[in-house]
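Read the structure below first, then the notes.
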Amino acid sequence: MDKIVIEGNVPLVGEVSVSGAKNAALPIIAATLLTDEPCIIKNVPALRDVLTMIKILKSLGVKTSFEAGRLKVEPKYLRQHVADYKFVSTMRASICLLGPLLARLKQARVSMPGGCIIGQRPVDLHLKGLRALGARIKIEHGYIIAEGKTLRGSDIYLGGAYGSSVLATANVMMCAALAKGRTLIENAACEPEVADLADFLNKMGARITGQGTPAVWIEGVRRLGGASHSVIPDRIEAGTHILAAAITGGDLVIRKARREHLSALFDKLSSIGIKIAFLPNGDIRVKRGSRGLRSTDITTLPYPGFPTDMQAQIMALLCVSDGISVITEKIFPDRYMHVSELNRMGADVFLEGASAIIKGQKRMSGAPVMASDLRASAALILAGLVARGKTEVSRVYHLDRGYEKIEEKLAKVGARIKRVKE
Ligand code: UD1
């Protein structure tokens, strides 16, 4: 197993380019199953989760070729309707195959994803939405078994205890695209990745409006065709590099990011004391202000609120910001596996229910730490970049699920970081 070794306390200077968004690419790849014509997806990041999704498509009989960020999917020979436990257990996002398989083959059998390290991950909203379209769904032997000869549009309220759901919205949107009549999803997820999926579906011939807002309308069509699409840039990867500049007191230009997807982060960074400049060519320049880093309070919320997928990374920054900060997790209340590892590096964070109270420290010190999940790994790398001495982050397979060549990108801007085989 690989580990990442960092010698910290070096300001990062230079330019970093952001890859395509994992969370947009995964449902878009699943959506190709809605047609029997070839689709071309560009700007696809070469990540472990993407490779898993491609493997699942192959296991369903679909032909694919993936090179230099360009994925060609030929879904003509889709025959299988079963997404096996061996894939779903490694990647929860495979749940987004449920909608397309059901719409195209009139039946789907997708392994129940189960919980994961960041907490409970129920699927009730997915099932509620698909049932509203007329699917019969049961759960047997660990699988979600869905059938629906005739799927019909419907008005669906898709909110749960924690608000909207990204992949439930994706699933219902994909299925409703081929259902008879009109569907209205209320309390739909507004995340840019959901809007990007809708844009791809529209290129395939779907009739979706309102994407990116809480009310999405889908006028069902009889068939969808092949399409070509370029995936939006990864706002979470962009945010992670922005924080790498902020935490090291560096000066980074972030290329190929969409500033409008990062407003909640910029708002918090300006109160912490980070200077953000939007350059005329669309690049984003990040520098630390002259007054040092200040504490702030953050609550994670569905988009356009502060993303839960940036919570661990911004905690690393707050660990070295003056004063006391409070983070409250409103999406995944247990998503705090990184706290004890950050504390091993000299942070002072304590948990009180779904909130973390962070007492800013003058410095952190490098230590061997263990990554527990994808975004926690990124937080430990950020902490390692500012810590004095050597940090070794093990279990980096989590990192490889969501960050394309992160150590190469950071090394290019001056980080003393390398990947070593354990
Ligand atoms: C997606 C992202 C993940 C991100 C999350 C929240 C992908 C591949 N993954 O995951 O990176 O952290 O959005 O922004 O896009 N919930 C229910 N019932 C359901 C489904 C969800 O109660 O049926 C709850 C969840 O437990 C959570 C909240 O709704 O508290 C939001 O989860 P959701 O948006 O569904 O997350 P994912 O789509 O799985």
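The values are calculated or read from the model by the stated rules, or taken from the named source; none is laboratory data. Bear in mind that the values here come from a model prediction, so they are computed numbers and not experimental data. Cβ placement follows ideal geometry from the backbone for every residue including glycine, while neighbour counts extend to all protein chains displayed. Areas reflect the complete protein model, heavy atoms only, side chains present, ligands, DNA and RNA absent. Shrake-Rupley method; radii C 1.70, N 1.55, O 1.52, S 1.80 Å.
Some observations on this one:
- Residue, most open to solvent (accessible area, probe 1.4 Å), within the stretch 193-208, restricted to residues that are assigned to a helix (DSSP H, G or I) and more than 21 Å from Gly163 (Cα to Cα): Lys203
- In the stretch 132-159, the residues that are within 12 Å of the ligand (Cβ to nearest atom) and over 21 Å from Glu329 (Cα atoms): Ile144
- Evaluated against (1) assigned to a loop (DSSP other than H, G, I, E, B); (2) out of contact with any helix residue (DSSP H, G or I) (no Cβ under 7 Å at 6 or more places or on another chain); (3) at negative phi, Gln211 falls short on exactly one condition, (2).
- Any helices (runs of 4 or more DSSP H) falling wholly within the stretch 73-137 and containing at least 3 residues that are more than 23 Å from Leu178 (Cα to Cα): 85-88
- Qualifying residue in the stretch 364-380 (condition: of a type outside the set (Asp, Glu), in contact with a strand residue (DSSP E or B) (Cβ under 7 Å, 6 or more places away or on another chain), over 18 Å from Ser340 (Cβ atoms) and in the same structural domain as Leu342 (by TED's automatic domain parsing)): no
- When Pro11 is tested against the conditions (1) open to solvent by 10 Å² or more (accessible area, probe 1.4 Å); (2) outside the structural domain of Asp373 (by TED's automatic domain parsing); (3) modelled with pLDDT of 95 or more, the lone failure is (2).
- Considering residues of the stretch 160-192 that are within 16 Å of the ligand (Cβ to nearest atom), assigned to a loop (DSSP other than H, G, I, E, B) and at pLDDT 95 or above only, the residue farthest from Ser94 (Cα to Cα): Asn187
- Contact map, the stretch 150-170: residues that are closer than 14 Å to Tyr303 by Cβ paired with residues that are of a type in the set (Phe, Trp, Tyr) and surrounded by fewer than 24 Cβ atoms within 10 Å (Cβ to Cβ), Cβ distance under 9 Å, separation 6+ or inter-chain. Pairs shown: Tyr162/Phe332; Ser164/Tyr303; Val166/Tyr303.
- Criterion: in the same structural domain as Asn202 (by TED's automatic domain parsing), more than 30 Å from Gly160 (Cα to Cα), within 13 Å of the ligand (Cβ to nearest atom) and not aliphatic (A, V, I, L, M) - qualifying residue of Pro45, Pro27, Pro122, Pro113: Pro45
- Top-ranked residue of the stretch 300-327 - restricted to ones that are assigned to a helix (DSSP H, G or I) and within 16 Å of the ligand (Cβ to nearest atom), ranked as farthest from the chain's Cα centre (by Cα): Met315
- Boolean, Tyr77 is open to solvent by 40 Å² or more (accessible area, probe 1.4 Å) and either free of Cβ contacts under 8 Å to residues at least 24 places away in the same chain or in contact with a Pro (Cβ under 8 Å, 6 or more places away or on another chain) (or both): yes
- Criterion (under 21 Å from Ala411 (Cβ atoms), open to solvent by 60 Å² or more (accessible area, probe 1.4 Å) and out of contact with any Ser or Thr (no Cβ under 9 Å at 6 or more places or on another chain)) met by exactly one of Arg285, Arg291: Arg285
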